[in-house]
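Take this structure, written in structure tokens, and hold onto it; I'll ask about it next.
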Amino acid sequence: MTKLYQQLREDHRNLVRVLDVLERQVALYDSRESQNTQEPDISLILDIMDYIQHYPDRFHHPLEEASFDYLGQHGLGDKAAMQTIRAEHETLAASASKLRTLLNSIRMGEPVALTRLHDALDHFHNQQLAHLKYEERTVFRDIKALDEDASTHILEQIEHKTDPLFAQVASQQFSELIKALDRR
């Protein structure tokens, strides 16, 4: 297994862990009145959105894009799937931005119907998971088939930084999210 494939898979596993925390926060909206559970943590949800909006868009997606470019230049891979994924990256970014705006409204004390927030969070969560599964079912098999030279070539195309959430020395910015991941 190449370093490229391992990195992409690890990014997906990490993102799923973060999405699991988001799912638990969304579930609090379902249970808080009927079961008298705690309120969802809007700060934690905003940390999740920061991570989801910044790490994948700045590092993970460019690495995927470089992989797609390589595959395309060498006549490899599922071109239709790569086009779909590229379009989904744009859709996901727009969806995250829209959700972020809604969450910021709540943080600023603006009234937002709980059903609207719940539906938006649930939709975003499901959209993210469906995207990851589609990538793994389609283009990840092609990326996995690349040899070490191709992997190295692709990795050299992208400035790669350590994941601010899952690094040995994680960013203080995500301290609450790190605690939530550790409680998992």
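Which residues, taken from the range 85-121, are under 30 Å from I143 (Cα atoms), open to solvent by 50 Å² or more (accessible area, probe 1.4 Å) and of a type outside the set (S, T, Y)? Break it down into steps so the answer makes sense when it comes.
Residues of the range 85-121 that are under 30 Å from I143 (Cα atoms), as a first pass: 85-97.
If we keep only those that are open to solvent by 50 Å² or more (accessible area, probe 1.4 Å) as well, we get 86-88, 90-91, 94, 97.
R86, A87, E88, E90, A94 - these are the residues of the range 85-121 that are under 30 Å from I143 (Cα atoms), open to solvent by 50 Å² or more (accessible area, probe 1.4 Å) and of a type outside the set (S, T, Y).
Follow-up question, since we're still on this one. Mind listing just one residue for me: the one in the range 146-162 that is modelled with pLDDT under 75 and of a type outside the set (V, I, T) and, of those, surrounded by the most Cβ atoms within 10 Å (Cβ to Cβ)? Let's see the steps before the verdict.
Initially, the range 146-162 is screened for residues modelled with pLDDT under 75, giving 160-162.
Next, only the ones that are of a type outside the set (V, I, T) stay: 160-161.
On the way: H160: 13, K161: 10.
Only one residue tops the list, namely H160.
Results for (1) buried (at least 16 other Cβ atoms within 10 Å of the Cβ); (2) at pLDDT below 90; (3) of a type outside the set (D, E, K, R), shown as yes or no for each residue.
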residue: E10; (1), (2), (3): no, no, no
residue: L19; (1), (2), (3): yes, no, yes
residue: V26; (1), (2), (3): yes, yes, yes
residue: Q35; (1), (2), (3): no, yes, yes
residue: Q38; (1), (2), (3): no, yes, yes
residue: Y70; (1), (2), (3): yes, no, yes
residue: A81; (1), (2), (3): yes, no, yes
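Based on what the data block shows, is L132 in contact (Cβ under 8 Å) with a residue 60 or more places away in the chain, assigned to a helix (DSSP H, G or I) and closer than 20 Å to L19 by Cβ?
Working: in contact (Cβ under 8 Å) with a residue 60 or more places away in the chain: yes; assigned to a helix (DSSP H, G or I): yes; closer than 20 Å to L19 by Cβ: yes.
Yes, satisfied.
Shifting gears a bit: Inside the range 7-28, can you point out the residues that are acidic (D, E) and more than 13 Å from D163 (Cβ to Cβ)? I'd like the intermediate steps shown before the answer.
Taking the range 7-28 and keeping what is acidic (D, E), we get 10-11, 20, 23.
Across the range 7-28, the qualifying residues are D20, E23.
The values are calculated or read from the model by the stated rules, or taken from the named source; none is laboratory data. Keep in mind that what you see is a predicted model, and the values were worked out from it rather than measured. Here Cβ is always computed from backbone atoms with ideal geometry, including for glycine, and neighbour counts include all displayed protein chains. These area figures cover heavy atoms from the full protein model, side chains too; ligands, DNA and RNA do not enter into them. Shrake-Rupley method; radii C 1.70, N 1.55, O 1.52, S 1.80 Å.
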